[in-house]
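The values are calculated or read from the model by the stated rules, or taken from the named source; none is laboratory data. In this text, all values refer to a predicted model and were calculated from it rather than measured experimentally. Here the Cβ positions follow ideal geometry from the backbone for every residue, glycine too, while neighbour counts run over all protein chains shown.
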Amino acid sequence: MMAKENMKPNIGFIGLGIMGKPMAKNLLKAGYSLVVHNRSQYSVNELVKEGARPAKSPADVAQQSEVVITMLPNSPDVELVVLGENGVLEGAKAGTIIIDMSSIEPLVSQKIAAEAAKKNVEFLDAPVSGGEPGAIQGTLAIMIGGKEEIFKQCLSIFNILGKSIVRVGEVGAGGFAKLANQIIVALNIAAISEAFVLGQKAGLNPERLFQAIRAGLAGSHVMDAKVPLIVARNFKPGFKIKLHKKDIQNALATAADLEVPLALTGLIEQMLSALINDDKGELDHSAIIQFTEKLARVEVGKES
(Lines give C-alpha, C1' and ligand atoms only; values in the text may rest on other atoms or scores of the structure.)
Protein backbone atom coordinates (compact mmCIF):
# COMPACT_ATOMS: atom_id res chain seq x y z
CA MET A 1 0.00 0.00 0.00
CA MET A 2 1.30 3.45 -0.94
CA ALA A 3 2.33 5.77 1.90
CA LYS A 4 -0.18 8.21 3.30
CA GLU A 5 -0.79 11.42 1.36
CA ASN A 6 1.46 13.57 3.58
CA MET A 7 4.33 11.06 3.46
CA LYS A 8 6.76 10.41 0.64
CA PRO A 9 6.53 6.81 -0.66
CA ASN A 10 9.62 4.67 -1.09
CA ILE A 11 10.43 4.71 -4.80
CA GLY A 12 12.25 2.13 -6.87
CA PHE A 13 13.85 3.28 -10.12
CA ILE A 14 14.91 0.85 -12.86
CA GLY A 15 16.80 2.15 -15.90
CA LEU A 16 19.47 4.79 -15.36
CA GLY A 17 20.28 5.84 -18.90
CA ILE A 18 20.39 9.26 -20.53
CA MET A 19 16.89 10.04 -19.27
CA GLY A 20 16.53 7.83 -16.21
CA LYS A 21 19.63 8.91 -14.33
CA PRO A 22 18.81 12.64 -14.13
CA MET A 23 15.18 11.82 -13.33
CA ALA A 24 16.29 9.60 -10.43
CA LYS A 25 18.63 12.34 -9.22
CA ASN A 26 15.77 14.84 -9.17
CA LEU A 27 13.73 12.49 -6.97
CA LEU A 28 16.67 12.19 -4.57
CA LYS A 29 17.04 15.97 -4.45
CA ALA A 30 13.34 16.23 -3.62
CA GLY A 31 13.83 14.03 -0.56
CA TYR A 32 12.46 10.72 -1.79
CA SER A 33 13.95 7.46 -0.53
CA LEU A 34 15.22 5.72 -3.65
CA VAL A 35 16.33 2.17 -4.44
CA VAL A 36 17.86 1.73 -7.91
CA HIS A 37 18.74 -1.00 -10.39
CA ASN A 38 20.37 -0.81 -13.82
CA ARG A 39 22.07 -3.12 -16.26
CA SER A 40 25.25 -1.02 -15.98
CA GLN A 41 26.60 -0.88 -12.43
CA TYR A 42 28.41 2.40 -13.07
CA SER A 43 25.19 4.43 -13.01
CA VAL A 44 24.00 2.58 -9.90
CA ASN A 45 27.24 3.48 -8.10
CA GLU A 46 26.81 7.13 -9.10
CA LEU A 47 23.30 7.23 -7.62
CA VAL A 48 24.39 5.38 -4.48
CA LYS A 49 26.98 8.11 -3.86
CA GLU A 50 24.10 10.60 -3.89
CA GLY A 51 22.04 8.66 -1.36
CA ALA A 52 20.21 5.89 -3.24
CA ARG A 53 20.28 2.23 -2.22
CA PRO A 54 21.28 -0.47 -4.73
CA ALA A 55 19.12 -3.49 -5.53
CA LYS A 56 20.28 -6.76 -7.02
CA SER A 57 17.26 -7.32 -9.28
CA PRO A 58 13.95 -5.75 -10.37
CA ALA A 59 12.20 -8.05 -7.88
CA ASP A 60 14.47 -6.72 -5.13
CA VAL A 61 13.56 -3.16 -6.15
CA ALA A 62 9.85 -3.96 -5.86
CA GLN A 63 10.26 -5.62 -2.46
CA GLN A 64 11.71 -2.38 -1.08
CA SER A 65 9.32 0.04 -2.81
CA GLU A 66 5.75 1.30 -2.85
CA VAL A 67 6.15 2.89 -6.27
CA VAL A 68 8.39 1.41 -8.98
CA ILE A 69 9.40 3.60 -11.95
CA THR A 70 10.83 1.99 -15.09
CA MET A 71 12.65 3.98 -17.79
CA LEU A 72 13.82 1.46 -20.40
CA PRO A 73 14.58 1.43 -24.13
CA ASN A 74 11.72 -0.58 -25.67
CA SER A 75 8.75 -2.89 -25.20
CA PRO A 76 10.70 -6.18 -24.79
CA ASP A 77 12.87 -4.56 -22.10
CA VAL A 78 9.85 -3.48 -20.07
CA GLU A 79 8.18 -6.87 -20.46
CA LEU A 80 11.34 -8.64 -19.26
CA VAL A 81 11.92 -6.30 -16.30
CA VAL A 82 8.31 -6.36 -15.12
CA LEU A 83 7.03 -9.79 -16.12
CA GLY A 84 10.23 -11.85 -16.41
CA GLU A 85 12.14 -14.00 -13.93
CA ASN A 86 13.18 -11.90 -10.90
CA GLY A 87 10.99 -9.19 -12.38
CA VAL A 88 9.07 -6.42 -10.67
CA LEU A 89 5.88 -8.47 -10.32
CA GLU A 90 7.74 -11.23 -8.48
CA GLY A 91 8.68 -8.82 -5.72
CA ALA A 92 5.69 -6.47 -5.78
CA LYS A 93 3.18 -6.44 -2.92
CA ALA A 94 -0.54 -5.79 -3.41
CA GLY A 95 -1.05 -2.05 -3.72
CA THR A 96 2.34 -1.39 -5.33
CA ILE A 97 2.19 1.12 -8.19
CA ILE A 98 4.29 0.58 -11.31
CA ILE A 99 4.88 3.70 -13.40
CA ASP A 100 6.42 2.85 -16.76
CA MET A 101 7.92 6.03 -18.21
CA SER A 102 9.49 4.25 -21.18
CA SER A 103 8.26 4.83 -24.73
CA ILE A 104 6.77 1.49 -25.74
CA GLU A 105 3.85 0.07 -27.72
CA PRO A 106 0.56 0.96 -26.01
CA LEU A 107 -0.78 -2.57 -26.48
CA VAL A 108 2.22 -3.90 -24.53
CA SER A 109 1.43 -1.45 -21.73
CA GLN A 110 -2.11 -2.81 -21.62
CA LYS A 111 -0.80 -6.39 -21.49
CA ILE A 112 1.53 -5.57 -18.59
CA ALA A 113 -1.25 -3.74 -16.75
CA ALA A 114 -3.52 -6.78 -17.07
CA GLU A 115 -0.82 -9.05 -15.59
CA ALA A 116 -0.17 -6.57 -12.78
CA ALA A 117 -3.88 -6.45 -11.94
CA LYS A 118 -3.83 -10.20 -11.23
CA LYS A 119 -1.56 -9.38 -8.24
CA ASN A 120 -3.54 -6.28 -7.27
CA VAL A 121 -0.65 -4.14 -8.50
CA GLU A 122 -1.53 -0.82 -10.15
CA PHE A 123 0.01 0.37 -13.43
CA LEU A 124 0.40 3.72 -15.18
CA ASP A 125 2.00 4.24 -18.57
CA ALA A 126 3.67 7.65 -18.48
CA PRO A 127 6.04 8.29 -21.39
CA VAL A 128 7.80 11.61 -21.56
CA SER A 129 9.01 14.23 -24.03
CA GLY A 130 11.73 16.80 -23.55
CA GLY A 131 14.93 14.82 -23.99
CA GLU A 132 17.94 14.92 -21.70
CA PRO A 133 17.63 18.69 -20.99
CA GLY A 134 14.06 18.22 -19.79
CA ALA A 135 15.07 15.24 -17.66
CA ILE A 136 17.88 17.22 -16.04
CA GLN A 137 15.78 20.35 -15.44
CA GLY A 138 12.65 18.47 -14.33
CA THR A 139 10.61 20.08 -17.11
CA LEU A 140 9.48 17.02 -19.05
CA ALA A 141 6.08 16.74 -20.70
CA ILE A 142 4.51 13.62 -19.20
CA MET A 143 1.61 11.84 -20.95
CA ILE A 144 -0.19 9.43 -18.64
CA GLY A 145 -2.59 6.54 -19.03
CA GLY A 146 -4.27 4.76 -16.12
CA LYS A 147 -6.85 5.07 -13.37
CA GLU A 148 -7.54 8.65 -12.32
CA GLU A 149 -7.23 7.89 -8.60
CA ILE A 150 -3.81 6.27 -9.10
CA PHE A 151 -2.71 9.21 -11.23
CA LYS A 152 -3.70 11.58 -8.43
CA GLN A 153 -1.76 9.53 -5.87
CA CYS A 154 1.37 9.88 -8.00
CA LEU A 155 0.95 13.54 -8.98
CA SER A 156 3.51 14.76 -6.43
CA ILE A 157 6.09 12.45 -8.04
CA PHE A 158 5.24 13.64 -11.54
CA ASN A 159 5.54 17.25 -10.39
CA ILE A 160 9.22 16.63 -9.54
CA LEU A 161 9.95 15.18 -12.98
CA GLY A 162 7.90 17.33 -15.32
CA LYS A 163 6.29 20.65 -16.08
CA SER A 164 3.39 19.52 -18.28
CA ILE A 165 1.54 16.59 -16.70
CA VAL A 166 -1.61 15.33 -18.42
CA ARG A 167 -3.64 12.19 -17.80
CA VAL A 168 -4.82 11.36 -21.31
CA GLY A 169 -7.04 8.38 -20.47
CA GLU A 170 -6.86 4.75 -19.39
CA VAL A 171 -3.76 2.53 -19.62
CA GLY A 172 -2.21 2.82 -23.08
CA ALA A 173 -3.44 6.37 -23.64
CA GLY A 174 -0.08 7.81 -22.55
CA GLY A 175 1.68 5.62 -25.10
CA PHE A 176 -0.68 6.62 -27.89
CA ALA A 177 -0.06 10.29 -27.05
CA LYS A 178 3.71 9.72 -27.10
CA LEU A 179 3.51 8.11 -30.54
CA ALA A 180 1.65 11.18 -31.81
CA ASN A 181 4.31 13.38 -30.21
CA GLN A 182 7.16 11.46 -31.83
CA ILE A 183 5.60 11.63 -35.28
CA ILE A 184 5.30 15.42 -35.01
CA VAL A 185 8.84 15.87 -33.65
CA ALA A 186 10.48 13.70 -36.32
CA LEU A 187 8.61 15.32 -39.19
CA ASN A 188 9.26 18.77 -37.74
CA ILE A 189 13.02 18.11 -37.66
CA ALA A 190 12.86 16.74 -41.21
CA ALA A 191 11.02 19.87 -42.43
CA ILE A 192 13.50 22.14 -40.63
CA SER A 193 16.32 20.15 -42.20
CA GLU A 194 15.10 20.63 -45.75
CA ALA A 195 14.40 24.34 -45.19
CA PHE A 196 17.80 25.10 -43.69
CA VAL A 197 19.70 23.03 -46.25
CA LEU A 198 17.90 25.02 -48.95
CA GLY A 199 18.84 28.25 -47.18
CA GLN A 200 22.48 27.17 -46.83
CA LYS A 201 22.68 26.28 -50.52
CA ALA A 202 21.19 29.68 -51.38
CA GLY A 203 23.91 31.39 -49.37
CA LEU A 204 21.80 32.46 -46.38
CA ASN A 205 23.31 32.72 -42.91
CA PRO A 206 21.47 29.98 -40.94
CA GLU A 207 21.43 32.00 -37.71
CA ARG A 208 19.78 34.94 -39.49
CA LEU A 209 17.34 32.59 -41.22
CA PHE A 210 16.46 31.17 -37.80
CA GLN A 211 15.84 34.65 -36.35
CA ALA A 212 13.80 35.64 -39.41
CA ILE A 213 11.31 32.76 -39.24
CA ARG A 214 11.20 31.55 -35.63
CA ALA A 215 8.59 34.11 -34.50
CA GLY A 216 6.25 33.38 -37.41
CA LEU A 217 3.94 30.45 -38.08
CA ALA A 218 6.91 28.20 -38.92
CA GLY A 219 8.35 28.66 -35.43
CA SER A 220 8.19 25.78 -32.96
CA HIS A 221 9.72 24.47 -29.76
CA VAL A 222 11.50 21.88 -31.92
CA MET A 223 13.06 24.63 -34.04
CA ASP A 224 14.17 26.58 -30.96
CA ALA A 225 15.73 23.47 -29.43
CA LYS A 226 17.38 21.95 -32.49
CA VAL A 227 18.50 24.71 -34.88
CA PRO A 228 21.19 26.08 -32.50
CA LEU A 229 22.57 22.54 -32.16
CA ILE A 230 22.58 22.05 -35.92
CA VAL A 231 24.34 25.37 -36.58
CA ALA A 232 26.95 24.53 -33.91
CA ARG A 233 27.31 21.01 -35.40
CA ASN A 234 26.63 19.63 -31.91
CA PHE A 235 24.98 16.23 -32.32
CA LYS A 236 25.75 14.88 -28.86
CA PRO A 237 22.71 12.73 -28.08
CA GLY A 238 19.91 14.13 -25.99
CA PHE A 239 17.64 11.68 -27.81
CA LYS A 240 19.30 9.23 -30.17
CA ILE A 241 18.29 8.66 -33.78
CA LYS A 242 18.08 4.91 -33.15
CA LEU A 243 15.58 5.47 -30.32
CA HIS A 244 13.48 7.80 -32.44
CA LYS A 245 13.40 5.14 -35.13
CA LYS A 246 12.11 2.68 -32.52
CA ASP A 247 9.29 5.07 -31.63
CA ILE A 248 8.41 5.62 -35.28
CA GLN A 249 8.35 1.86 -35.89
CA ASN A 250 6.00 1.51 -32.91
CA ALA A 251 3.80 4.24 -34.39
CA LEU A 252 3.67 2.46 -37.75
CA ALA A 253 2.91 -0.90 -36.11
CA THR A 254 0.11 0.68 -34.09
CA ALA A 255 -1.21 2.46 -37.17
CA ALA A 256 -1.28 -0.86 -39.04
CA ASP A 257 -3.32 -2.42 -36.22
CA LEU A 258 -5.77 0.51 -36.35
CA GLU A 259 -5.78 0.66 -40.19
CA VAL A 260 -4.50 4.23 -40.26
CA PRO A 261 -2.30 5.23 -43.24
CA LEU A 262 0.72 7.29 -42.17
CA ALA A 263 2.47 8.18 -45.42
CA LEU A 264 4.85 10.84 -44.07
CA THR A 265 5.67 8.75 -41.00
CA GLY A 266 6.66 5.89 -43.29
CA LEU A 267 8.99 8.24 -45.17
CA ILE A 268 10.72 9.50 -42.02
CA GLU A 269 11.19 5.88 -40.89
CA GLN A 270 13.13 5.24 -44.11
CA MET A 271 15.24 8.36 -43.53
CA LEU A 272 16.07 7.24 -40.00
CA SER A 273 16.95 3.77 -41.29
CA ALA A 274 19.31 5.30 -43.86
CA LEU A 275 21.01 7.39 -41.17
CA ILE A 276 21.45 4.33 -38.95
CA ASN A 277 22.96 2.44 -41.91
CA ASP A 278 25.32 5.41 -42.26
CA ASP A 279 26.51 4.87 -38.65
CA LYS A 280 24.60 7.87 -37.29
CA GLY A 281 22.21 6.01 -35.00
CA GLU A 282 23.98 7.15 -31.82
CA LEU A 283 23.70 10.85 -32.75
CA ASP A 284 21.00 13.21 -31.52
CA HIS A 285 17.87 13.23 -33.68
CA SER A 286 18.77 16.75 -34.80
CA ALA A 287 21.23 14.88 -37.03
CA ILE A 288 18.24 13.96 -39.23
CA ILE A 289 19.47 17.00 -41.17
CA GLN A 290 22.50 14.99 -42.27
CA PHE A 291 20.25 12.91 -44.53
CA THR A 292 19.36 15.97 -46.62
CA GLU A 293 22.82 17.52 -46.27
CA LYS A 294 24.39 14.41 -47.79
CA LEU A 295 22.06 14.56 -50.79
CA ALA A 296 22.64 18.30 -51.28
CA ARG A 297 26.39 18.09 -50.59
CA VAL A 298 26.30 20.93 -48.09
CA GLU A 299 26.47 21.31 -44.31
CA VAL A 300 24.35 23.90 -42.50
CA GLY A 301 26.50 26.21 -40.44
CA LYS A 302 29.59 25.77 -42.60
CA GLU A 303 30.63 28.09 -45.39
CA SER A 304 29.78 26.77 -48.82
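Below, the figures for the structure above:
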quantity: Which numbered condition S164 misses (of (1) out of contact with any Ser or Thr (no Cβ under 7 Å at 6 or more places or on another chain); (2) closer than 19 Å to L107 by Cα; (3) not in a helix (DSSP H, G or I)); calculated: (2)
quantity: Set A287, A253: member being surrounded by 22 or more Cβ atoms within 10 Å (Cβ to Cβ) and touching a residue at least 24 places away in the same chain (Cβ under 8 Å); calculated: A287
quantity: Subset of the stretch 202-226 (residues that are more than 19 Å from S286 (Cβ to Cβ) and either touching a residue at least 24 places away in the same chain (Cβ under 8 Å) or buried (at least 17 other Cβ atoms within 10 Å of the Cβ) (or both)); calculated: G203
quantity: Top-ranked residue of the stretch 17-33 - restricted to ones that are crowded, with 20+ Cβ neighbours inside 10 Å and touching a strand residue (DSSP E or B) at 6+ places or on another chain (Cβ under 6 Å), ranked as nearest to F158 (Cα to Cα); calculated: L27
quantity: Hits in the stretch 25-57 - residues which are of a type in the set (A, V, I, L, M) and free of Cβ contacts under 8 Å to residues at least 40 places away in the same chain; calculated: L28, L34, V35, V36, V44, L47, V48, A52
quantity: Residue among I165, I150, I144 that is in contact with a Lys or Arg (Cβ under 6 Å, 6 or more places away or on another chain) and modelled with pLDDT of 95 or more; calculated: I144
quantity: Criterion violated by I142 - all others in (1) assigned to a strand (DSSP E or B); (2) more than 10 Å from the chain's Cα centre (by Cα) satisfied; calculated: (2)
quantity: Top-ranked residue in the stretch 227-243 [being in a helix (DSSP H, G or I) and either in contact with a Phe, Trp or Tyr (Cβ under 6 Å, 6 or more places away or on another chain) or at pLDDT below 95 (or both); ranked as farthest from A287 (Cα to Cα)]; calculated: L243
quantity: Selected residue (criterion: farthest from K111 (Cα to Cα)) from residues of the stretch 129-151 that are out of contact with any helix residue (DSSP H, G or I) (no Cβ under 7 Å at 6 or more places or on another chain) and β-branched (V, I, T); calculated: T139
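Yes/no matrix, rows are residues, columns are (1) under 18 Å from A126 (Cα atoms); (2) surrounded by fewer than 20 Cβ atoms within 10 Å (Cβ to Cβ):
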site	(1), (2)
V35	no, no
S43	no, yes
R53	no, yes
Q63	no, yes
V68	yes, no
P76	yes, yes
V81	yes, no
I98	yes, no
S103	yes, no
